[in-house]
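Novice: Sending over a structure as structure tokens; questions will come in a sec.
The values are calculated or read from the model by the stated rules, or taken from the named source; none is laboratory data. On a predicted model such as this, the values are computed, not experimentally measured, just so you know. Because the Cβ atoms are built from the backbone with ideal geometry, glycine has one as well, and the counts that use them run over all protein chains shown. Surface accessibility is based on the protein's heavy atoms, side chains included, excluding ligands, DNA and RNA. Shrake-Rupley method; radii C 1.70, N 1.55, O 1.52, S 1.80 Å.
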Amino acid sequence: MAKGIVALQKLREQAATLKKYHPDWSFNKIGKKIGCRHSFVSRWVRRDQACEPLHDQSRSGRPPKADAAAQEHIVMAAQLPECRTAADVAAKLQQDQHLSFSVTTVKRVLRKHGLQHLSPVARPMLTDSHKLARVKFAKAVLRRDKTSKRRWLNTD
């Protein structure tokens, strides 16, 4: 879970617990105590009283595409030396284990497990001929600057 979600979960639990042990306290007082708005507190307390505890409720939205076993396969494939990018990992999983995941899903799983994905290089690296041409250009500019300084006139 992300840090923000965990902190929000703790605030919800604090609000519900405070209302349970101090039923005479207003939502505004509980909100000031835990550092959030009274409207959040009232919503959280009503939800807690209406159904099961907040941490037991199911989350809304689409379930994750990669279950725990598939996530483990993605992490292991990412640590192979031939898999340098997220696209390489997705292709390797498709080729070897017939697991089809998008590059975005691979990136999301790697980020969740504390790893970084690499994107392909947008343009090719400099070749030796490019490097020589750059050095030649830099030397020509330096030579030109040395000769042009002779024509300068210094005045006060």
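Novice: Which one is farthest from VAL89 (Cα to Cα) among residues in segment 60-78 that are modelled with pLDDT under 90 and not aliphatic (A, V, I, L, M)?
Specialist: For segment 60-78, the residue satisfying everything is SER60.
Novice: Next up: Residues of segment 74-106 being over 21 Å from VAL121 (Cβ atoms), among the polar types (S, T, N, Q) and within 17 Å of the chain's Cα centre (by Cα), which ones?
Specialist: Answer for segment 74-106, where residues must be over 21 Å from VAL121 (Cβ atoms), among the polar types (S, T, N, Q) and within 17 Å of the chain's Cα centre (by Cα): just THR105.
Novice: Out of the residues in segment 89-101 meeting the condition of being open to solvent by less than 60 Å² (accessible area, probe 1.4 Å) and part of a loop (DSSP other than H, G, I, E, B), tell me which one is farthest from PRO64 (Cα to Cα).
Specialist: LEU99
Novice: Show me the helices (runs of 4 or more DSSP H) found entirely inside segment 1-52 where at least 1 residues are under 30 Å from ARG108 (Cα atoms).
Specialist: 3-21, 38-50
Novice: List, please: which pairs have Cβ atoms under 9 Å, are six or more places apart or on different chains, and start with a residue in segment 61-88 that is open to solvent by 70 Å² or more (accessible area, probe 1.4 Å) and end with one that is in a loop (DSSP other than H, G, I, E, B) and of a type in the set (S, T, N, Q)?
Specialist: Once the first residue is open to solvent by 70 Å² or more (accessible area, probe 1.4 Å) and sits in segment 61-88, its partners that are in a loop (DSSP other than H, G, I, E, B) and of a type in the set (S, T, N, Q) give LYS65/SER102.
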